[in-house]
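Chemist: Following this message is one structure expressed as structure tokens.
The values are calculated or read from the model by the stated rules, or taken from the named source; none is laboratory data. Quick caveat: nothing in here was measured; it's all calculated off a predicted structure. Cβ placement follows ideal geometry from the backbone for every residue including glycine, while neighbour counts extend to all protein chains displayed.
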């Protein structure tokens, strides 16, 4: 029997993050670790092999496995076999100090009770049974484990014998269809599964051909000649389809510097809005004559002439932003410069009339309101 070597001892105090205490076991198999003090510290336990830190086994005096990091006082045991050093290190320091004492000794780690292997001779355990036990005669009777296992194997054998011959290759091809089976001529004609699926694929191809090609909706989309999937949120203008729009803003439809005459915009298109807000921003004013914005309703007969025009408010002779509203059923203007009860047609022009030939600089923008 080999002689027992003296224990090796190391001690120290950990009072800051990353501080450590270590011991070299020098071949001893277990390191006893005692921690005392008042502290709030997470303590890692590491074993070093060839300069690389590993996670050794750590157990209590009763042999229970300890979860790391250690956070309290007490005694634990560390498996030291094969390690060059065992290190206790702070990995998360809050307060206090931990006194560390380590003893490296020969011996074995403590183990939990009941963990030893047991050898059972054939037939000595009634519940397990003997190798020669006959198969159990019923599924629910009182039998040994070996007898019940044999009965289960007999049931599996019977089940296998009953499945043989249930489905031949020929029968399988008849019901599911051979690989080379053709699709039936009609939806209800007799066919195997393969042919039926081919028929389904053919019908799907026919249905897909009815749908139009994917494309972004645009103003003036022509009447469709193929199936459409429901409505696509457009309104018919009598010839083509226009996307249903919300409020539409157009900046600086007129931009005039030092103008002395009435200015008229190009024809504007109102796709499906009812009213309009005008923004007349006067940046230079003579103080006489004044500016008056108007909305011209353009003749849809193709002449391009203004069928009627709506003048809004009185002439403006000072600089600043003037805001006007045309909408059916509007009430008092409130904070607006002026407003009128009228509907904006599909095609319209905007003009700014002058009261005399004095110079004005301004821009005119608008927002169509649904």
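Chemist: Got a sec? Which helices (runs of 4 or more DSSP H) wholly within the range 143-244 have at least 3 residues that are at pLDDT 85 or above and loosely packed, with under 12 Cβ neighbours inside 10 Å?
Modeler: In the range 143-244, 145-163, 193-210 are the helices (runs of 4 or more DSSP H) which contain 3 or more residues that are at pLDDT 85 or above and loosely packed, with under 12 Cβ neighbours inside 10 Å.
Chemist: Same structure again: Could you grab me the full set of residues in the range 71-102 that are in a strand (DSSP E or B) and farther than 19 Å from residue 9 by Cβ?
Modeler: Those that are in a strand (DSSP E or B) and farther than 19 Å from residue 9 by Cβ: 90, 91, 92, 93, 94, 95, 96, 97.
Chemist: Also, quick follow-up: Any residue that is closer than 30 Å to residue 197 by Cα and without any contact (Cβ under 8 Å) to a residue 24 or more places away in the chain - is there at least one of those in the range 136-143?
Modeler: The answer is no; no qualifying residue exists.
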